[in-house]
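Worksheet: one structure, shown below.
The values are calculated or read from the model by the stated rules, or taken from the named source; none is laboratory data. None of the values given here were measured: they were computed from a predicted structure. Cβ: placed from backbone, ideal geometry, glycine included. Neighbour counts: every protein chain shown. Only protein heavy atoms, including side chains, enter the accessible area calculation; ligands, DNA and RNA are left aside. Shrake-Rupley method; radii C 1.70, N 1.55, O 1.52, S 1.80 Å.
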Amino acid sequence: QVQLVESGGGLVQAGGSLRLSCVHSGRTFSTYSMGWFRQAPGQEREFVAGITRSGGSTYYVDSVKGRFTISRDNAKNTMYLQMNSLKPEDTAVYYCAASLGLPTSREYGYDYWGQGTQVTVSS
């Protein structure tokens with residue numbers, strides 16, 4: 001069984017930065033593609049970023065390109081999301097997810113999910 005635990009969320013002013021972490025346990029981390037999703041109040045959960053097993057390829061939703069960076073450290077069983085130039089519209093609960101397949105923007109492509117961490121960006 002895989003467990004994912006996110007951390008690093010919090011309250012930040014617009015223009016600020018946060019780094020989210022997702023620790024993976026239970027099975028070999030490097031066999032999973034990983035992704036970050038977010039869900040704002042009253043909205044559906046949306047894909048934010050994805051990364052392949054090796055970390056060699058990354059993918060982003062257009063709204064975060066150039067501001068967010070996804071990465072992973074397979075030796076530490078951890079994935080990261082560096083978020084810079086944060087905007088109030090980035091406010092959401094951020095979830096990490098693990099996939100036995102290729103990274104995808106579709107929720108059904110992921111096999112395991114974390115509980116989420118709240119990110120609030122004030123204007």
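Across Ser71, Ser25, Ser105, mean-square fluctuation computed from a Gaussian network of the chain (C-alpha pairs under 10 Å connected) peaks at Ser25. Which one of Pro88, Pro41, Pro103 has the biggest mean-square fluctuation once the chain is modelled by GNM with Cα springs under 10 Å? In this elastic network of the chain, the residue with the biggest mean-square fluctuation among Pro88, Pro41, Pro103 is Pro41.
Over the Cα atoms of the chain, the radius of gyration divided by the Kirkwood radius equals 0.94; this is the Rg/Rh ratio. Dipole check for the chain: with +1 at the C-beta of Lys and Arg, -1 at the C-beta of Asp and Glu, and the Cα centre as origin, the magnitude is about 280 Debye. Amide H to amide H distances under 5 Å link Leu86 with Gly15, Gly16, where only residues 5 or more positions off or on other chains count and H is placed in the peptide plane.
Pick from Gly50, Gly66, Gly101 the residue whose mean-square fluctuation is largest in a GNM of the chain, springs joining Cα atoms under 10 Å. Its mean-square fluctuation being the largest, the pick is Gly66. Charged side chains reduced to their Cβ positions (Lys and Arg at +1, Asp and Glu at -1) give region 44-105 a dipole of some 240 debye around its Cα centre.
With the whole protein complex present, Glu89 retains an accessible surface near 130 Å², based on a 1.4 Å probe.
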